Amino acid sequence: MTSFMPRGSRRHGALLVAATVVVWLVAGVAVALGGWMWWAVAALPIAALLVPPILLFRLSGERMWPTWVAFGFVLVLLLTAYAGPGDWYLRAAGTRTTATVREVSCPAPTRDVRNDRCLYSYKLYDASGALLPGEFRDTVEYEYGSPVDVVVDPRGLLGPRLAADLDSRVFDVLALAGFAGFAATVAAATALGRRAPKRPGR
């Protein structure tokens, strides 16, 4: 344990922050790709995001508060992983268009019978009548023939997303705040670990 995460190591603190960024990106990409298979793939990096706060206990010289503070910022990162990476990709590579709702379904696993809600799955068509690539999902029920302003991935890797959602920067701000807070907590833990007196046998 000592060699894996030595207390007060700036190098290990920097590696911990970098690893958290990479794991967050992997989780976000897997979630953005959608489908139950990719959600299963995303489960591993999502679970891995809970590990860095635990490692701060050793890095800080066995103090608990950096771990608890870091957990708060990691929860913010877990929330933003759902939308952040996918939004960034579609803003850079996507094409805005007004699509028409033609087909809608409510898959059984996404139906909440108690609250009468569903994560609807839509097939959208462009002005020429061509089916847009990817699957559009929303908890809002759109009527047949409704126009919807979306951003489409020309490669078909990600499903269409509402243009209004991509115009919002809420998740970007939350992600930056989460990473900034986590990095500051790691820096504080590192400083504490460097000042902590070494115990005999450690």
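Among the residues of segment 165-202, those identified as open to solvent by less than 10 Å² (accessible area, probe 1.4 Å), closer than 30 Å to Asp138 by Cβ and either part of a loop (DSSP other than H, G, I, E, B) or at pLDDT 90 or above (or both) are Ala175, Gly178.
Among the residues of segment 1-42, those that are at negative phi, modelled with pLDDT under 85, part of a helix (DSSP H, G or I) and exposed (fewer than 15 other Cβ atoms within 10 Å of the Cβ) comprise Arg10, Trp36, Met37, Trp38, Trp39, Ala40. Among the residues of segment 36-64, the ones that are in contact (Cβ under 8 Å) with a residue 40 or more places away in the chain and aliphatic (A, V, I, L, M) come to 3 in all.
When the helices (runs of 4 or more DSSP H) confined to segment 45-144 are screened for residues that are among the small types (Gly, Ala, Ser), closer than 30 Å to Leu192 by Cβ and touching a Pro at 6+ places or on another chain (Cβ under 7 Å), those reaching at least 1 such residues are found at 65-81. Within segment 142-164, the set of residues being closer than 17 Å to Pro85 by Cβ and either more than 22 Å from the chain's Cα centre (by Cα) or open to solvent by 90 Å² or more (accessible area, probe 1.4 Å) (or both) comprises Arg155, Leu157. Only one of the listed residues (Leu77, Leu59) is of a type outside the set (Lys, Arg) and either closer than 14 Å to Ala189 by Cβ or surrounded by fewer than 21 Cβ atoms within 10 Å (Cβ to Cβ) (or both). That residue is Leu59.
The C-beta contact set for segment 11-23 (first residue in contact (Cβ under 8 Å) with a residue 40 or more places away in the chain, second residue surrounded by fewer than 16 Cβ atoms within 10 Å (Cβ to Cβ) and hydrophobic (A, V, I, L, M, F, W, C), distance under 7 angstrom, 6+ apart or interchain) comprises Gly13/Ala187.
The values are calculated or read from the model by the stated rules, or taken from the named source; none is laboratory data. Model, not experiment: these values are computed from the prediction. Don't worry about glycine lacking a Cβ; one is built from the backbone with ideal geometry, like all the others, and counts go over all protein chains shown. With ligands, DNA and RNA removed, areas are computed over all heavy atoms of the protein, side chains included. Shrake-Rupley method; radii C 1.70, N 1.55, O 1.52, S 1.80 Å.
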